[in-house]
Amino acid sequence: METSEPSSSTRNGTQITGTHPGDRYIRRVASSDLPIREIAPGRFVAELAEPEGALGKAWYRVRRALIGRPLRTVEAAHERIGKAKALAVFSSDALSSTAYATEEILRILILAGSAAYAFVLPIGLAIVVLLAIVVFSYRQTIRAYPHGGGTYIVTKDNLGVGPALVAAAALLSDYVLTVAVSISAGVAAITSAFPALYPFRVELAVAAIVLLTIANLRGVRESATIFMIPTYAFIASVGALILLGLASLAGLGPQPHPVRYEAPPPTSPLTVFLILRAFASGSTALTGVEAIADGVPAFKEPQAENARTTLLAMGLILGSLFTGITLLSYHFHLVPSERETIVSQLARALVDGSPFYYVIQAATALILFLAANTAFADFPRLAYFLARDRFLPRQFRFQGDRLAFSTGIVTLGILTSLLVIARHASVSALIPLYAVGVFTAFTVSQSSMVVHWWRHAAGELRRVPWHSLVINGFGALVTGIVTGVIVVTKFTHGAWMVIVFIPLLIGMMLAVHRHYVSVAEQLRVDLEEARRRLRLVPRRSVAVVPVASLNRASLTALTYARSIADDVVAVHVATEPESGEALQQRWREAGLTIPLVIVDSPYRELLGPLVAVIEKIHREKGGTADHGRHPGVRHRALVGAPAPHPDSLAPAPGSRPDPRPRDHDGAVPPAGVAAQGRRTSTGTGA
C-alpha cells in the first residue's frame, strides 16, 4: 500500500505528514546523518545533536552563551595540588570568616555598654583554643580516612544512617548560610569603601549570587590559580595591616586615627548569658575548618600527610589573623556599625586615604565571594551523595552540560537569594542562624571518629590508639558543649529556624528514601524469573524497549514486547560510564536472548541518543527510507520519537488477521490491562 500524504525533502531526510491527531510528521534519515556512531556490535556512542526548531535553536544559543559548550564526561578535571595551592583552595571559607567574626563579638558585647569590652580578649582567646581543638581533631580524621572522609560519609560508616542524616541536614543548612553570610559580608566590604552603594546592598548581593550560580553552571572548578590570588592577597594585606597596628601600639608606626562611631546606650546587663552569646557569635570564625579533611583526594602524594600539614598551617594563619584583628579592635575601641565593617574601620584608622585601604577592602570582598563559591561546590556534592543513597530526588545526581551538578547549584542559588532578600543582606541578621549547623556537624563527626578508633582495635584495649581517641573524644565533648551554648543563646534570635528546619529536612529525606525503597522493592526481580518470563513467543513485529536497568518494570515491558514481536531489541542509554557495563553484566548473568544495545552518552543526554538509535534500528530492520514500512513488520515508536506512518501498521498482503483484541494502535495489550487509547504503544523500562 502506497501513501498519498505529501512529503518534502529536508537536509536530514524526508518529512511525511501524518493523517491522525498527533502524527504531525515522521522523519526518516540516512544512517550517516544520525547523531550516533557504532564502536562495536551492539555498542554506540551518541554525538551532540542541536535542535532544529526555531524556539529550540534560540534557547540552545542562550544556554551556550550563558553556560558554554557541553563537555564530555571524560573531560572532567582531576587536578592534584600541593600544599601551597591547597591552602588557597580549601582555606578561603575559614580565613574569610575573620572578616566578620570579631565584629559579631563586639556587636553583642556593646549591648551592655563599653564596660563589656573587657571580655573581648578572653572571648577571643577561648575561640582560638576551640580552633586548636577542632584542627587537631580533624587531623585525626585525615589519618583515619587518608583518601577523604566527609562528615556524612564518616558518620554513616561509624554511627549509621540516622546520625549521618543529622550531619547532612546540618551541613546543607550551613552551606546555604555560608553563601548568604559570605556574600552579605563581601557586599558590606564594598559598601564600606563606597558608602553610596549601601542602599543597593540587597540588589548587589542577589546579583553576586546569580553570577556565582551561572559561573558554577559553566563548570568553574576549584582551580588553584584562581583561588591563590585572592586568598594570599587577603592574608598578605590583612597581615600587613595587623603588623602596622602592632607597630603603632609600640610607638613605631604611623599615628592611628581610629574611626569613632557613637556607642549605643546599654540595653542589656552584663551577664554570663550575654558573654556566652558573644562567644557563640564569634565562633563563626571556625566555619570551613573541615574543608581540608573533605578534600584529601585532591592533594599530591603523600595525600594524608600533605593534608594534615596544610590543615595545621591553615589553623595557625586563621588563629593569627583573628587574634590580631580582635586585639587591635579592642585597643582602638572600635564600635560596630551597620554601614561600615570593623576591618574597614581598622584600615581607616591606620592607612586612611591611601590606596592600601582599597586594596584591603578589595581583597576582603574577593575572599568572601570565594568562600561563597566553595559552598557552591560542596552543597551539590553532598546532595549528590544523598541522592545516590536515595535520600534526595535522583535529579541531584545528574550532571549538566558542563559536568556540574546543575540541580544542586540552582537549588542553592534560589535558597540563598531568598534568604538574603528576607534578611536584607545584613550579616548581623544572618549570624544568629549561622554556626548551629557547623558545630552540629563538628560534634557528630568527632563522635563518629571515637567509634571508629574503638572499632579499629577490634575490642582489644592494647590495640586502641588512645592518643587519637582522646583527641577526637575531647573534640566531640567541647564542640557538643559549644553547640548547646549556640542553641540556647541564639534560639530566640533566629537559631530556632535552623533547629526546626533540620528535623524537617531529615523527615523529608526519610520520606524520599521510603519512596525509593518501596519502588525498588516492587521492581526487584530475580534472574530466573527474567529467563522464565522472556520465553520466545513468535509474532510479526519489531519492538524497541528502552531500559535503565533489569528490574520488574523493564521485565514487564520486555515481556509485553515479546507478546507482540518476534524481534525485540533492548536499548540502554548510558549517561554514566559504569551503568552500561553493569547492565551488560547482569544481562549476561540472566542469560537473556534479547539483544541489548548500549548507547554511551558522553554529554549525558537521554532523549536525543534514544531517538537516534530507534531511528537507526527502524531503518535497518524495516522498510524503505520514504515510508518506513516493511511487509509483515509493525514498528513501535518511543513516546517523543517520530510517530510511525499509518501505512506501516497495515498487515502484510495475504497475511491472516489475528483475532485477538487490540488497543487503539493495533497492539495486543497484556492480560488484565485495558487499552489506553494512545496513538503509540511502547515498552518502556524503568
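Of all residues in region 156-174, exactly one satisfies the criterion of being at pLDDT below 90 and either more than 17 Å from Ser448 (Cα to Cα) or of a type in the set (Ser, Thr, Tyr) (or both), namely Asp174. One residue alone among Ile153, Ile142, Ile133 is aliphatic (A, V, I, L, M) and at pLDDT 90 or above, and that residue is Ile133.
Could you say which residue among Leu270, Leu311, Leu327, Leu276 is open to solvent by less than 20 Å² (accessible area, probe 1.4 Å) and either among the acidic types (Asp, Glu) or on the phi < 0 side of the Ramachandran plot (or both)? Working first, answer last.
On the way: Leu270 fails: open to solvent by less than 20 Å² (accessible area, probe 1.4 Å); Leu327 fails: open to solvent by less than 20 Å² (accessible area, probe 1.4 Å); Leu276 fails: open to solvent by less than 20 Å² (accessible area, probe 1.4 Å).
Only one candidate passes the filter, namely Leu311.
Applying the set (1) closer than 20 Å to Ser428 by Cα; (2) at pLDDT below 85 to Gln303 leaves exactly one unmet item: (1).
Just give me the residues in region 570-592 being small (Gly, Ala, Ser), open to solvent by less than 10 Å² (accessible area, probe 1.4 Å) and over 22 Å from Phe396 (Cα atoms), in sequence order.
Looking only at region 570-592, we keep the residues that are small (Gly, Ala, Ser), and these are 570, 574, 579-580, 582, 590-591.
Checking which are open to solvent by less than 10 Å² (accessible area, probe 1.4 Å) leaves us with 570, 574, 580, 590.
Within region 570-592, Ala570, Ala590 meet the criteria.
Checking the stated criteria, Gly400 turns out to be touching a helix residue (DSSP H, G or I) at 6+ places or on another chain (Cβ under 6 Å), farther than 24 Å from Leu510 by Cα and open to solvent by less than 40 Å² (accessible area, probe 1.4 Å).
Entry remark, region 219-237: residues being under 16 Å from Ile317 (Cβ atoms) and either crowded, with 20+ Cβ neighbours inside 10 Å or at pLDDT 90 or above (or both) number 9 in total.
Does at least one position in region 464-473 carry a residue that is open to solvent by 20 Å² or more (accessible area, probe 1.4 Å) and among the polar types (S, T, N, Q)? Lay out the reasoning, then the answer.
In the first step, residues of region 464-473 are kept if they are open to solvent by 20 Å² or more (accessible area, probe 1.4 Å); the result is 465-467, 469-471, 473.
Those left that are additionally among the polar types (S, T, N, Q): none.
No, that holds for no residue.
Restricting region 530-562 to residues that are surrounded by 18 or more Cβ atoms within 10 Å (Cβ to Cβ) and more than 26 Å from Ser601 (Cα to Cα), the residue that is modelled with the lowest pLDDT is Arg539.
Would you check which residues across region 403-422 are in contact with a helix residue (DSSP H, G or I) (Cβ under 8 Å, 6 or more places away or on another chain), within 30 Å of Arg107 (Cα to Cα) and either open to solvent by 60 Å² or more (accessible area, probe 1.4 Å) or hydroxyl-bearing (Ser, Thr, Tyr) (or both) and list them? Give the steps one after another, and end with the answer.
Kept after step one, since they are in contact with a helix residue (DSSP H, G or I) (Cβ under 8 Å, 6 or more places away or on another chain), are these residues of region 403-422: 403-413, 415-417, 419-421.
Filter once more, so that each one left must be within 30 Å of Arg107 (Cα to Cα): 412-413, 415-417, 419-421.
Correct list: Leu415, Thr416, Ser417, Ile421.
The sole residue among Glu262, Glu305 that is without any contact (Cβ under 8 Å) to a residue 40 or more places away in the chain and either surrounded by fewer than 19 Cβ atoms within 10 Å (Cβ to Cβ) or assigned to a helix (DSSP H, G or I) (or both) is Glu305. Applying the criterion of being open to solvent by 40 Å² or more (accessible area, probe 1.4 Å) and part of a helix (DSSP H, G or I) to the residues of region 609-638, the residue that is modelled with the lowest pLDDT is Lys621.
The values are calculated or read from the model by the stated rules, or taken from the named source; none is laboratory data. Nothing here was measured: the structure is a model prediction, and the numbers come from that model. Reconstructed Cβ throughout: ideal geometry from the backbone, glycine too, with neighbour counts over all protein chains shown. For accessibility, only protein heavy atoms count, side chains too; no ligands or nucleic acids. Shrake-Rupley method; radii C 1.70, N 1.55, O 1.52, S 1.80 Å.
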